[in-house]
1. When ligands, DNA and RNA are left out and all protein chains stay put, how many square angstrom of accessible area per residue does the chain have with a 1.4 Å probe?
2. Relative to a virtual label point 7 Å from the Cα of L65 in the Cα→beta-carbon direction, which members of the stretch 1-17 show backbone nitrogen distances below 14 Å?
3. Less than 24 Å apart at the alpha-carbon level, and either on another chain or at least 8 residues along: which lysines does that give for K90?
4. In the neighborhood of A24, defined by Cβ-to-Cβ distances under 9 Å, what is the net charge if each Lys or Arg adds +1 and each Asp or Glu adds -1?
5. What do you get for chymotrypsin sites (Phe, Trp or Tyr not before Pro) in the stretch 50-85 restricted to DSSP loop and a cutoff of at most 14 other Cβ within 10 Å of the site's Cβ?
6. Pop the C-beta distance of A58 and R12 into the FRET formula with R0 = 30 Å and round what comes out to the nearest 0.05.
7. Given bins 5 angstrom wide, list per bin the percent of all Cα-Cα distances in the chain, short to long.
Amino acid sequence: VEHTRAEDIKGRQFDFAVSRSVSALKNLWFWSRPLLKKGSSQTLANGLICFKGGDLAAEISESGLRPQVYSIEDIFEQDLFKDKYLLHVKA
């Protein structure tokens, strides 16, 4: 695990990049893609996992990606998690 900005990592690759909603999905993918190992040695394929909120249809469409979208509200029923999602983009 490394807690740092993607642009500060040089010459290393990881199974996953995890992010909160700091930018548009297309930017998060652009920054994280070079850091991701291809393939997978676990149940969940290597890739980008990010926490996002709100209506994501336009952002996902604009990104050109096809992330798996998981509703956090399905796991945690508190109002805090209403309209919050985890997106997983395979490497």
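1. On the way: 6480 Å² over 91 residues.
Per-residue accessible area for the chain comes out at 71 Å².
2. So the set is 6, 16-17.
3. Output for K90: K10, K26, K37, K38, K52.
4. Numbers: positive: K26; negative: E59, E62.
That works out to -1.
5. Numbers: sites: F51, Y70, F76, F81, Y85; in loops: F76.
Hits after loop and neighbour filter: F76.
6. Working: r = 33 Å, r/R0 = 1.10.
Between A58 and R12 the formula returns 0.35.
7. Going out from 0 Å in 5 Å bins, the chain shows 3, 14, 24, 23, 18, 13, 4, 1, 0 percent.
The values are calculated or read from the model by the stated rules, or taken from the named source; none is laboratory data. Keep in mind the model is a prediction, meaning the values are calculated, not measured. When we count neighbours, we look across all protein chains shown, and the Cβ atoms used for this are built from the backbone with ideal geometry, even at glycine. Heads up: the accessible areas ignore ligands, DNA and RNA and are worked out on the full protein's heavy atoms, side chains in. Shrake-Rupley method; radii C 1.70, N 1.55, O 1.52, S 1.80 Å.
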